[in-house]
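One structure below.
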Amino acid sequence: MKVLIFILILAEAGCVSKKEARTEARKAYLSAQAQAQAPPMDPEHPVVFVQGPVENPTVPWQDGLKLTRAIWEAQYTAFMNPMVVRVLRNGQVVGEFKGIDLLHHQDMELQAGDTVQVVP
């Protein structure tokens, strides 16, 4: 909440555009939301969490697991390609892709405990 207030103060002071302030505020909100929702990790069975229209919200993690593979294994159910896919690690956004980026082979390797947010 303090981050959000600080960003809004900067926006009002003219140091940051309103669009940038909204973007940063949204990232801070999503980060806090993901931290609150993430269940505790089982070290013997590491997983990646997938939020959004999927049939399997947890995907077993294995070394070399890529973002596109995790979405495929989670069984994405929406009709259209996702608008945005975010990867959160320890509550921080470490990757953000448009659905079309994934179709153009832009991908990233995931770590155990990462949260993937798929926004249709």
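Mind listing whichever residues of segment 82-95 are touching a strand residue (DSSP E or B) at 6+ places or on another chain (Cβ under 9 Å) and not small (Gly, Ala, Ser)? Let's see the steps before the verdict.
Restricting attention to segment 82-95, the residues satisfying the condition of being touching a strand residue (DSSP E or B) at 6+ places or on another chain (Cβ under 9 Å) are 82-89, 91, 93-95.
Across segment 82-95, the qualifying residues are 82, 83, 84, 85, 86, 87, 88, 89, 93, 94.
Out of all the residues in segment 81-118, which are among the hydrophobic types (A, V, I, L, M, F, W, C) and in contact with a Pro (Cβ under 6 Å, 6 or more places away or on another chain)?
Here is the first cut: in segment 81-118, the residues among the hydrophobic types (A, V, I, L, M, F, W, C) are 83-85, 87-88, 93-94, 97, 100, 102-103, 108, 110, 112, 116, 118.
Scanning segment 81-118 gives 112, 118.
Here is a yes/no grid of residues against (1) in contact with an Asp or Glu (Cβ under 9 Å, 6 or more places away or on another chain); (2) crowded, with 18+ Cβ neighbours inside 10 Å; (3) of a type in the set (A, V, I, L, M):
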residue	(1), (2), (3)
62	no, no, no
67	yes, yes, yes
74	yes, yes, yes
81	no, no, no
84	yes, no, yes
88	yes, yes, yes
97	yes, yes, no
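Rundown of residues vs (1) in the same structural domain as residue 116 (by TED's automatic domain parsing); (2) assigned to a strand (DSSP E or B); (3) closer than 14 Å to residue 110 by Cα; (4) hydrophobic (A, V, I, L, M, F, W, C), yes/no style:
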{"residue": "49", "(1), (2), (3), (4)": "yes, yes, yes, yes"}
{"residue": "56", "(1), (2), (3), (4)": "yes, no, no, no"}
{"residue": "63", "(1), (2), (3), (4)": "yes, no, yes, no"}
{"residue": "69", "(1), (2), (3), (4)": "yes, no, yes, no"}
{"residue": "73", "(1), (2), (3), (4)": "yes, no, yes, no"}
{"residue": "78", "(1), (2), (3), (4)": "yes, no, no, yes"}
{"residue": "81", "(1), (2), (3), (4)": "yes, no, no, no"}
{"residue": "88", "(1), (2), (3), (4)": "yes, yes, yes, yes"}
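For segment 100-108, indicate whether the set of residues that are aliphatic (A, V, I, L, M) and in a loop (DSSP other than H, G, I, E, B) is non-empty.
As a first pass, look at segment 100-108 and keep what is aliphatic (A, V, I, L, M): 100, 102-103, 108.
Now drop any that are not in a loop (DSSP other than H, G, I, E, B), which leaves 108.
Scanning segment 100-108, I find at least one residue that is aliphatic (A, V, I, L, M) and in a loop (DSSP other than H, G, I, E, B), so the answer is yes.
Does residue 118 qualify as being in contact with an Asp or Glu (Cβ under 8 Å, 6 or more places away or on another chain) and assigned to a strand (DSSP E or B)?
In short, no.
Filter segment 87-120 down to residues that are on the phi < 0 side of the Ramachandran plot and touching a residue at least 24 places away in the same chain (Cβ under 8 Å), then give me how many there are. Break it down into steps so the answer makes sense when it comes.
If we filter segment 87-120 for residues that are on the phi < 0 side of the Ramachandran plot, which is where we start, we get 87-89, 92-104, 106-112, 114-120.
Still in the list and also touching a residue at least 24 places away in the same chain (Cβ under 8 Å): 87-89, 92-93, 95, 97, 102, 107-112, 114-120.
Counting residues in segment 87-120 that are on the phi < 0 side of the Ramachandran plot and touching a residue at least 24 places away in the same chain (Cβ under 8 Å) gives 21.
Of the conditions (1) more than 18 Å from residue 55 (Cα to Cα); (2) touching a strand residue (DSSP E or B) at 6+ places or on another chain (Cβ under 7 Å); (3) β-branched (Val, Ile, Thr), residue 100 clears all except one; give me its number.
(2)
The values are calculated or read from the model by the stated rules, or taken from the named source; none is laboratory data. As the structure is a prediction and not an experimental result, all values here were calculated from the model. Backbone-built Cβ (ideal geometry, glycine too); neighbour counts: all protein chains shown.
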